[in-house]
Amino acid sequence: MAPPLIAPSILAADFARLGDEVRAIDEAGADWIHIDVMDGHFVPNLSFGSPIIAAIRPVTSKPFDVHLMIAPVDPYLAAFAEAGADRLTVHPEAGPHLHRTLEAIRALGKSAGVALNPATPVSAIDHVLDVVDLVLVMSVNPGFGGQAFIPDAIDKVAAVKQAIGERDILIEVDGGVSPANAGALATAGANVLVAGSSIFDGNPAGSISRLREAASAQ
Ligand code: DX5
Ligand code: ZN
């Protein structure tokens, strides 16, 4: 199995120097750029919206992995697609018709992801697996960077992998990811590791390679 991709979350970046920070993680070897959008309503924190994404789009050619923690989400999908998102991930709780939302993302030409909060069972996505490209397993409650990893996420990754079966769907893990848990997550079946605070620590290149090594040393 290929080692997991690394997707640094810019939520942990210095926002006063956002363009430089994105350039730095690109040069440090990030595979994707993870972008956390929060509305102060679906989650108890506000981050930024599509204009910020459009502003940093020229800085890198790496895929923009946009994690939408907003409700409602449907009215904003087109704006995020136009701003330069390559992948859009939504939470099942963010709207009444998850299947329609995922189809709308694909109709915009983007990869569709669905995110499972720590308390959301894997069964919540049983009936949308044929319209998703990625399942995001949250290993913290969404809203803030720098929280402690919830170990149950490791078994959940394995359960998602089993539910996916032969389908061509990536499993991503987000929240408290570090070299301490990257190996177990990779063994369980994670294909993409999101990390904020463990990468934006002043030495992104070193942190990304430590995470990569830990994820490969299964
Ligand atoms: C949490 C966000 C995460 C967060 C990860 O709601 O979805 O992407 O920024 O940050 P760390 O790696 O610091 O937990
Ligand atoms: Zn995220």
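Read-outs throughout are calculated quantities, based only on the coordinates presented, and are distinct from any laboratory measurement. What you see is a predicted model; the values in this text were computed from it and never measured. Here the Cβ positions follow ideal geometry from the backbone for every residue, glycine too, while neighbour counts run over all protein chains shown.
General observations
- Mean residue ellipticity, 222 nm, helices only, the chain: the sum of -39500 (n - 2.57) across DSSP H runs of n ≥ 4, divided by residue count and rounded to 500, is -9500 deg cm²/dmol.
- Bridgeable lysines around Lys110 (alpha carbons under 21 Å apart, same-chain partners fewer than 8 residues away excluded): Lys62.
- Antiparallel bridge percentage (DSSP; both residues within the chain; nearest 5): 5
- Region 159-218 versus region 1-40: alpha-carbon centroid distance in Å: 14
- Hz values of 3J(HN,Hα) by residue in region 97-104 - Karplus curve (6.51, -1.76, 1.60), Gly and Pro given as x: 9, 4, 4, 5, 4, 5, 5, 5
- Spin-label model, Leu46 to Ala71: label points 7 Å out along the Cα-to-beta-carbon direction sit 1.9 nm apart.
- Net charge in the neighbourhood of Val137 (other residues with Cβ under 12 Å of its Cβ; Lys, Arg +1, Asp, Glu -1) is -2.
- Net +/- balance of residues flanking Asp74 in space, Cβ distance below 13 Å, scoring K and R +1, D and E -1: 0
- Percent antiparallel among DSSP beta bridges (both partners in region 1-85, rounded to 5): 10
- Extension gain from Ala54 to Ala159, taking 0.36 nm per residue of separation minus the Cα-Cα distance: 34.2 nm
- About the centre of its Cα atoms, the chain shows a dipole size close to 100 debye [charges on the beta carbon of Lys, Arg (+1) and Asp, Glu (-1) only; nearest 20 debye].
- Placing a pseudo-label 7 Å from each Cα along the Cα-to-Cβ vector at Leu129 and His97 gives an inter-label distance of 2.5 nm.
- With each label modelled as a point 7 angstrom along the Cα→C-beta vector, the Ala205-Asp14 pair spans 1.8 nm.
- Sequence-separation-based contact order of the chain, relative, with Cα cut under 8 Å and 6+ spacing, percent: 21
- Note on the chain: Cα Rg divided by 2.2 N^0.38 Å, N the number of residues, gives 0.93.
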